[in-house]
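The values are calculated or read from the model by the stated rules, or taken from the named source; none is laboratory data. Note that the structure is predicted; figures quoted are calculated from it, not measured. Quick reminder, even Gly has a Cβ in these numbers, built from the backbone with ideal geometry, and neighbours come from all protein chains shown. Please note that ligands, DNA and RNA were not included when accessible areas were found on the heavy atoms of the full protein model with its side chains. Shrake-Rupley method; radii C 1.70, N 1.55, O 1.52, S 1.80 Å.
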Amino acid sequence: MSGQAPPLPLPPPRLGARAAGGAAVTMAGQGVRMLVQFGGIVLLARLLTPHDYGLMAMVTAIVGVAEILRDFGLSSAAIQARQLSRAQRDNLFWINTLIGLALAAAVFGGAQVIADLYREPALVAISQALAATFLLNGMATQYRAHLSRDLRFGQLALGDVGGQVAGLLAAVAAALAGAGFWALVVQQLVQAAATLALAMLCARWLPRGYHRDAAVGQFLGFGGSLVLAQLLGYASRNVGQVLIGVRIGAEPLGLYNRAFQLLMMPLNQVSAPATTVALPVLSQLRDEPARFSAFLLRGQTVLVHAMAALFAYACAQALPLIVLLLGEQWRPAVPLFQWLALGGVFQAAAYATYWVFLAKGLMRAQLAYALVGRSLLVACVMAGAAWGVEGVAAGYALGLLLLWPLSLAWIGRISDAPALAMFNNGARAVIGYGLCAWLSAEVSAWIGGPLEWRLLAGTAAMAAGFALVCLLWPAFRRDVAAIVHIRHLLAEARSQR
């Protein structure tokens, strides 16, 4: 593995333009979606209590496994396939739908077991109500994969944003009516139904019957390895929430859950659409190493700079941000969020390795990596649990730090991906924005006084630190310039369209 990034040839003009245009539309849609989701967090946090969120988190930490099984990796399998016939697409729709129906029945029937585990009777009704989302999401899986495979990112973003807006409006109305934790249940149900309806309208495709002569074995093989890796990832993310819920209770879990959701919201809202754009393009470039590496490094640079800057700033200004936005009742979540935001920086630095596994079809290798890496992360979380809720958050951050170099070493050994160049990309962002965050926190603490003044001073210090790092560190400055260059490519693609 060479430490130097390969030359940066662009993808073929037509594919590059479509990818650039798709990135512009997708990121615009995700920007709207992030604003909606963030607004929802602020509104609902002021209308509901940590106990309400804790009850919801108790259920979702367990039944969320069913959401991974519902997809079974078949959406990614359909997107990355070189060829996909209409009959195969029909078959995949029915497979996802039947899996969703079976999981809905399993969650409904197992509701009492979940309630007994946490010793919370209210969880029976919550679990049974949420069971319907698995059928709805199962039906939507191949519609969304179809839009992504055809690079119809605008319509895909419309479905995502529309579903989220509908769910938020329903949840706010329910919360204002005094529904308590049921507002969160209503949000999930309405969002799933609206997303399915919009995806069907955009795809303009209705499945026919199951075609016995259309083989789907290769998709199931791809999905089987992927879903096992995803299950391990899910377990590592949620074992801490289950431990807190069982050992400590709903209110501490609600605090941890909100801190964790504040971490995952920007990460999901940026990494998921970035994968939606990157995966079909990288899959088509998999046999062109130079172009593959160039596209991969450009995409990673954008992702890691956006996420590292956001998480570093949020970690430095966690106290004023959480108290001013969510309310005083959420102040105990501040140290939890700071630990998790620190881990989020390292997760963003490692995320592009996931693109390599998927685009090159290295699902068995990804499963082997997940067995090792996610077991390490679970061990860190369980060790941290001895120190309570904050120990769980610190253990999660430590595990993500360890997974960053491990994931890069893994793909460097099994593929021709530029692993060392990817590490250097991430390291520059981590160090550069880490210095900016340190300056922001120090200035904020020195100013003191009202939280509003501390936030304002810390924000100005973060901006000044960024300018200083760009001025004094040429390699960091080149990364930022590369991101600006991508903006020009997106503008050019939009003008061509």
Out of the total accessible area of the range 238-335 (probe 1.4 Å, heavy atoms of protein only), what percent is carbon and sulfur? 62
So for the pair Arg331, Arg208, with labels modelled 7 Å out along Cα→Cβ, what separation do we get in nm? 6.6
Determine how large the accessible area of Ile68 is when every protein chain is in place; take a 1.4 Å probe and give Å² rounded to the nearest 10. 20
Per-residue counts of other Cβ atoms within 10 Å, averaged by peptide: what ranking do you get for 108-115, 468-475, 242-249, highest first? 242-249, 108-115, 468-475
Kindly identify the range 320-383 as rounded, prolate or oblate by the Cα gyration tensor criterion: order the square roots of the eigenvalues as a ≥ b ≥ c, call it rounded if a/c is under 1.5, otherwise compare a/b with b/c, prolate if a/b is larger, else oblate. prolate
The correct ranking of Ile431, Ile411 by accessible area at 1.4 Å, largest first, is Ile431, Ile411
In the neighborhood of Trp473, defined by Cβ-to-Cβ distances under 13 Å, what is the net charge if each Lys or Arg adds +1 and each Asp or Glu adds -1? +2
First obtain the Kirkwood hydrodynamic radius of the range 279-374 from its Cα pairs, then insert it into the Stokes-Einstein equation at 25 °C and 0.890 mPa s, and state the resulting D in µm² per second as a whole number. 158
